[in-house]
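Worksheet for the structure shown next.
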Amino acid sequence: MDELIKQVNTPSDLKKLHGNQLNAYCESLRRFILQTVPYTGGHLASSLGAVELSVALHYVFDCPKDKILWDVGHQAYAHKIITGRADRFGALRTNGGISGFPRMRESEYDAFTMGHSSNSLSVGLGYARARDALGERYHVVDVIGDGAFTGGMAFEALNDIGASKAKMIVVLNDNKMSISQNVGAMSEYFAKLRLSKRYTRVKRAVKKGVLGIPLFGDRIYKALDKTKDGVKFLLQNNKMFEQMGLKYYGPVDGHNLTNLIEIFRQVQNETKPVLVHIITEKGKGDDAAQSDPSRFHGVQPMGAQNERSFSQTVSHFLCKEGARNKKVVAITAAMADGTGLQAFAKKFPDRCYDVGIAEQHAVTLAAGLAAGGMKPYFAVYSTFLQRGFDQIVHDVCLNKLPVTFLIDRAGAVGADGVTHQGIYDLSYLSLIPDMTVLTPKDGEELEKMLQWSLSFNGPLAIRYPKSYAFDRPCPEIVYGEWEIVRQGDRKVYIIACGNRALAAAEGVAGASVVHARFIKPLDASFLDSVNKPDVLLLTVEDNALRGGLGQSVLAYLNGKGLRVKVHTVGYADAFLDDFSVEHSLKSAGIDTESLTALIKNFS
């Protein structure tokens, strides 16, 4: 940690720097992030691109009184360092350390807990209205990326902001990327806006020339200034924001610290909502991250073990079946790389639809494709599918459409923390009529489930975590039928779903182990056969207990007249605030030692 990083522990310390010191501090921040994140893991490219932006905001605004809201939040590492967390930055995304995202509980400078995208404008407007209602005085600054702007929620808020005329500042951080390359009409619109830098150049040249006219220059410039909106509309393609009620500034070079500070000081004085459009480079300062920002969006810590990826199985299956069947199509919400759709997109670009950060639209798009005779697969992280719940109910399941949801990063996720835990999907999917839910134990079984899905004519969800340890043979998929993995003590059955729970169960000596690969429907025949007074059932799931496998098993057996002893193992009714998958599992009792102890206590 160099001296400048040590010197700045609060925004007040930052304001003591001037001129070249500020630029030197930006370089120190970049070096510090580059020296740390490869060891801790985290969102590297996006934070490198937001260094000057973070410095300029904290230099101009008075935080924590003023509120800076970082949409998604994975670009906020410089913000965290400036606001007194440099000494804990080496423990980024670890228990006892700091979160990779802004968290209200972590710092007074984090005005809101972030992690999902497109919500900052709604939060900011809420802050602005609360401020005005209470007669308080502070600035509200929303930093939102061009990728997050593809989310419908951002436009709902933008519509309200323009109508309300609330005093707030929206900073559009345009780096042409979300995680994957941005897509869609909005991305094309921003590309046109980037070309309008000529307006800024013309404006500066005119101002310099006119003000240089002796005696009359000042009056001539004031007259011209009154017509600048008309000129701006001719030279700059920014009509959308202006017509929605936001005064537009930009585009501005997001790495020119002097210009950023100047424009933020200027917009402080605006009494109505403004949008400042800045252009940044994702991965700025690191050649590898700049040349391949998608790969360096999120990096694994050095030395991390690379197990087999479930998304690789998805990729292989879709590419193979896509060649055989022209009805097979895939959908991603700006996550083609992470969910394994990149190869399919390259091979079949006309049948892979990247809708941007718009999960609600993605679900209903899949419903429309299915209704039109196609076989759609929507690959999405568990935490992001939550955003499309109503569309799953109303548009897919109500119509009994054959949409397959490939739910990646299910269960505990570790370093991404509380906002990204995938521990609710079994619960909310299981309560929807006509939904079938499966979970594989490894890639071999996922392949068979995917093959089975081709002929399944209804809503289907297959959920799995990021990785698994090894493949092994498994029986064919039969609707609603579980797999007896090991026949042991017929008085103790461990019913496990997913590879993590199954790994814990198989380590328990003597017990019979059953893999509940169907979460909905349950294997009624098996449950009926073991519903006896001298039998103990342990259900184990990498999911919240409420509404999960265990409670579904209990509800079924109660309906039949419960005779068997049942104990459920999973996550408690609390947010899983943990940065380690292993720690999460052990704390919930999803480990061999805990399961063995439970069985002994029941004996």
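The values are calculated or read from the model by the stated rules, or taken from the named source; none is laboratory data. Only a predicted model underlies this, so the values are computations on that prediction, with no experimental measurement involved. Using ideal geometry, Cβ is built from the backbone for each residue, glycine included, and neighbour counts are taken over all protein chains shown. With ligands, DNA and RNA removed, areas are computed over all heavy atoms of the protein, side chains included. Shrake-Rupley method; radii C 1.70, N 1.55, O 1.52, S 1.80 Å.
When Val170, Val141, Val202 are screened for being surrounded by fewer than 19 Cβ atoms within 10 Å (Cβ to Cβ) and either modelled with pLDDT of 85 or more or on the phi < 0 side of the Ramachandran plot (or both), only Val202 passes. The set of residues in the range 326-377 that are out of contact with any Ser or Thr (no Cβ under 8 Å at 6 or more places or on another chain) and on the phi > 0 side of the Ramachandran plot contains only Gly373. Just to be sure I understand, how many residues within the range 393-410 are in a helix (DSSP H, G or I) and touching a helix residue (DSSP H, G or I) at 6+ places or on another chain (Cβ under 6 Å)? Adding up the residues that qualify gives 2. Does Pro440 satisfy the condition of being more than 25 Å from Ser117 (Cβ to Cβ) and not β-branched (Val, Ile, Thr)? Yes; evaluated as a whole, the condition is true for this residue.
Rundown of residues vs (1) open to solvent by 10 Å² or more (accessible area, probe 1.4 Å); (2) under 24 Å from Lys282 (Cα atoms); (3) in contact with a strand residue (DSSP E or B) (Cβ under 7 Å, 6 or more places away or on another chain), yes/no style:
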{"site": "Asn9", "(1), (2), (3)": "yes, no, no"}
{"site": "Asp13", "(1), (2), (3)": "yes, no, no"}
{"site": "Leu17", "(1), (2), (3)": "no, no, no"}
{"site": "Asn20", "(1), (2), (3)": "yes, yes, no"}
{"site": "Cys26", "(1), (2), (3)": "no, yes, no"}
{"site": "Leu29", "(1), (2), (3)": "no, yes, no"}
{"site": "Gly41", "(1), (2), (3)": "no, yes, yes"}
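If we scan the range 400-416, do we find a residue that is of a type in the set (D, E, K, R), farther than 14 Å from Lys520 by Cβ and without any contact (Cβ under 8 Å) to a residue 40 or more places away in the chain? Checked against the condition, which is being of a type in the set (D, E, K, R), farther than 14 Å from Lys520 by Cβ and without any contact (Cβ under 8 Å) to a residue 40 or more places away in the chain, the range 400-416 yields no hits at all. Which one is nearest to Val314 (Cα to Cα) among residues in the range 383-410 that are out of contact with any Asp or Glu (no Cβ under 7 Å at 6 or more places or on another chain), among the hydrophobic types (A, V, I, L, M, F, W, C) and buried (at least 23 other Cβ atoms within 10 Å of the Cβ)? Filtering the range 383-410 for residues that are out of contact with any Asp or Glu (no Cβ under 7 Å at 6 or more places or on another chain), among the hydrophobic types (A, V, I, L, M, F, W, C) and buried (at least 23 other Cβ atoms within 10 Å of the Cβ), the one nearest to Val314 (Cα to Cα) comes out as Leu406. Only a single criterion out of (1) farther than 20 Å from Gly152 by Cβ; (2) aliphatic (A, V, I, L, M); (3) crowded, with 23+ Cβ neighbours inside 10 Å; (4) in contact with a helix residue (DSSP H, G or I) (Cβ under 7 Å, 6 or more places away or on another chain) is not satisfied by Ile423, namely (4).
Scanning the range 15-56 for residues that are in contact with a Leu (Cβ under 9 Å, 6 or more places away or on another chain), in a loop (DSSP other than H, G, I, E, B) and over 22 Å from His420 (Cβ atoms) turns up just one, Leu17.
Residues in the range 337-366 that are of a type in the set (A, V, I, L, M), assigned to a helix (DSSP H, G or I), surrounded by fewer than 24 Cβ atoms within 10 Å (Cβ to Cβ) and in contact (Cβ under 8 Å) with a residue 24 or more places away in the chain: Ala343, Leu365. Inside the range 431-448, residues that are open to solvent by less than 20 Å² (accessible area, probe 1.4 Å) and either part of a helix (DSSP H, G or I) or over 24 Å from Ala504 (Cα atoms) (or both) make up a count of 6.
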